[in-house]
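A short write-up of the structure that comes next.
The values are calculated or read from the model by the stated rules, or taken from the named source; none is laboratory data. Note that the coordinates shown come from a computational prediction; the quantities given were computed from them, not determined experimentally. A quick note on method: Cβ atoms are made from the backbone with ideal geometry, for glycine too, and the neighbour counts reach across all protein chains shown. Please note that ligands, DNA and RNA were not included when accessible areas were found on the heavy atoms of the full protein model with its side chains. Shrake-Rupley method; radii C 1.70, N 1.55, O 1.52, S 1.80 Å.
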Amino acid sequence: MYVSENLGTNEKGHLTIGGIDTVSLAEEYGTPLYVMDEQMIRKNLRRFHESMQKYYDNKGLVCYASKAFSCLEMCRIVASEGDGLDAVSIGELYTAVKAGFPMEKVGFHGNNKTDEELRYALECGVGHIIVDNISELHRLEAIAKEMGKKPEIMFRIKPGIDAHTHNFVKTGQIDSKFGFALETGEALEAVREAIACENVALCGLHCHIGSQIFDIAPFEEAARVMLKFIAEIKNELNFEIKQLNLGGGFGIKYLESHDPAPFETYMERVSKVVKSCCEEYKIAQPFILIEPGRSIAAPAGITLYTVGARKEIPNIRTYVSIDGGMCDNPRYILYQSEYEAIVANKANEERSERVTIAGKCCESGDLIGENMPLQHAESGDIIAVCATGAYNYSMSSNYNRIQKPAVVFVNEGESRVVIKRESLEDIIRNDL
Ligand code: LLP
């Protein structure tokens, strides 16, 4: 009935998450409120690493992409499941360090890492750094020498596959700010240079073809392209690439009509491609890393809001205004992303209306969605927006000096705050 399987309805007709009444959560912690189901986060992580075990003989590592949602408790949960982490800034690295995350299981990303970030990554002993461009290689080589370290690195490669939509196209050379190009020979040249570097150790290659991808074919194609390149490196430079990082991007269900391929099928099919390419090219099977973000965190979360004003504009639309908006969920204003919404205290009633859910920011485009099916919502009702566990808190802002909401985790019938709601003092914390 709902897009995420952890949502249900109780005897009061209230929406539940992980079996807990969302209306009670709104009363206890206030709104807006991000709520995440810990069991579902764990279950999602396990689906990934168990299918890696099953289909790729456990020769791989799942690195949760913490840009989707990062905080101390999230890092602790990922660590306790034995998975790795993909961090994309010094702030995400710092969070992992402070959570006691095993840093050898962390990959450090970024298309424009600063020297400060590279130094910090080496200091905290990250497992590998995914180098994006040649100037980064040079800077890292110099910093590593100065610090007396020899970090393992991977190169980010543009595999020439554009899979940002449900379809994918293979283009000669994609326009992207990320990574080294294959077609021009840039990537091979960089590999040649890295092999000659004394202070970095090239261990792998990385690619990431987009996000919210429903089909498996583009992932298979990316794996083929990468393995072909690994074979080329072996033949041309007599060098063995031992690790292949295939990135993240697995789609999730935001709407009933969405139909992403199950991750198990992805792993089964991509493993087959990897194994058969290795046979064909006569290369050893690489250790595989993957970096799911959205598919771990998004389905586990919802956001709860309280309805304020309702404005019916005859023959045009009905606005239902909530106490949050683009400051806690900027995905509609950025991408026109669609969500399912439910009036949590009327969850058993039919979604009989089509409304625009509007935020409270001083901006016309501040909407959660338009033409959304919803139960009749009135002032004081609680609205739940589903599948907001990824790229909501992590992309939130203080626009209009609005405080960021709290994040509450539910687990086995209990709830706990994992990120406090910002206070008014927090709003002026850095002001002098
Ligand atoms: N690895 C790399 C190198 C990435 O750039 C990303 C996402 C991921 C892994 C994780 O991808 P996921 O499994 O979460 O799709 N803010 C956008 C999404 C941006 C994704 C950026 N990179 C949104 O809200 O839809």
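In the stretch 94-115, which residue that is of a type in the set (Val, Ile, Thr) and not in a helix (DSSP H, G or I) is nearest to the ligand (Cβ to nearest atom)?
Result: Val106.
Checking the conditions here, which among Thr356, Thr303, Thr318 is assigned to a strand (DSSP E or B), within 23 Å of Ala384 (Cα to Cα), at pLDDT 95 or above and within 16 Å of the ligand (Cβ to nearest atom)? First the steps, then the outcome.
Working: Thr356 fails: within 16 Å of the ligand (Cβ to nearest atom); Thr318 fails: within 16 Å of the ligand (Cβ to nearest atom).
So the residue among Thr356, Thr303, Thr318 that is assigned to a strand (DSSP E or B), within 23 Å of Ala384 (Cα to Cα), at pLDDT 95 or above and within 16 Å of the ligand (Cβ to nearest atom) is Thr303.
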Apart from one, (1) within 16 Å of the chain's Cα centre (by Cα); (2) more than 21 Å from Glu198 (Cα to Cα) all hold for Phe108; the odd one out is (2)
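Taking the stretch 291-300 on its own, how many of its residues are touching a helix residue (DSSP H, G or I) at 6+ places or on another chain (Cβ under 7 Å) and either open to solvent by 10 Å² or more (accessible area, probe 1.4 Å) or away from the ligand (no atom under 12 Å from the Cβ) (or both)?
Number of matching residues: 3.
When residues of the stretch 337-360 are filtered for being under 27 Å from the mean Cα position of the chain (by Cα) and either of a type in the set (S, T, N, Q) or closer than 16 Å to Thr306 by Cβ (or both), how many remain?
Applying the first criterion (under 27 Å from the mean Cα position of the chain (by Cα)) to the stretch 337-360 yields 337-344, 356-360.
Remaining after also requiring either of a type in the set (S, T, N, Q) or closer than 16 Å to Thr306 by Cβ (or both): 337, 341-344, 356-360.
The total comes to 10.
Residues Gly125, Gly100, Gly110: which one is touching a residue at least 12 places away in the same chain (Cβ under 8 Å) and touching a Ser or Thr at 6+ places or on another chain (Cβ under 7 Å)? Step through it out loud before you land on a result.
Numbers: Gly125 fails: touching a Ser or Thr at 6+ places or on another chain (Cβ under 7 Å); Gly100 fails: touching a Ser or Thr at 6+ places or on another chain (Cβ under 7 Å).
The unique qualifying residue is Gly110.
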When Lys253 is run through (1) in a helix (DSSP H, G or I); (2) within 14 Å of the ligand (Cβ to nearest atom), the failure sits at (1)
Mind listing just one residue for me: the one in the stretch 72-93 that is open to solvent by 10 Å² or more (accessible area, probe 1.4 Å) and within 14 Å of Ala300 (Cβ to Cβ) and, of those, nearest to the ligand (Cβ to nearest atom)?
Glu81
Considering only the stretch 22-31, state which residues are in contact (Cβ under 8 Å) with a residue 60 or more places away in the chain and open to solvent by 20 Å² or more (accessible area, probe 1.4 Å).
Glu28, Tyr29, Gly30, Thr31
Of all residues being away from the ligand (no atom under 14 Å from the Cβ) and among the basic types (Lys, Arg) in the stretch 177-226, which is surrounded by the most Cβ atoms within 10 Å (Cβ to Cβ)? Just the residue, please.
Arg224
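For the stretch 191-198, indicate whether the set of residues that are touching a residue at least 12 places away in the same chain (Cβ under 8 Å), outside any helix (DSSP H, G or I) and not basic (Lys, Arg) is non-empty. Steps first, answer last, please.
Within the stretch 191-198, the subset touching a residue at least 12 places away in the same chain (Cβ under 8 Å) is 191-195, 197-198.
Going one step further and asking which of them are outside any helix (DSSP H, G or I), we end up with 197-198.
After this cut, where a residue has to be not basic (Lys, Arg) as well, the list is 197-198.
Yes: one or more hits.
Within the stretch 328-353, count every residue that is part of a strand (DSSP E or B) and buried (at least 20 other Cβ atoms within 10 Å of the Cβ). Let's see the steps before the verdict.
Applying the first criterion (part of a strand (DSSP E or B)) to the stretch 328-353 yields 341-343, 353.
Now narrow it down to the ones that are buried (at least 20 other Cβ atoms within 10 Å of the Cβ): 341-343.
The qualifying residues number 3.
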Out of Glu11, Glu5, report the one residue that is closer than 29 Å to Asp259 by Cβ, away from the ligand (no atom under 16 Å from the Cβ), in a loop (DSSP other than H, G, I, E, B) and open to solvent by 20 Å² or more (accessible area, probe 1.4 Å).
Glu5
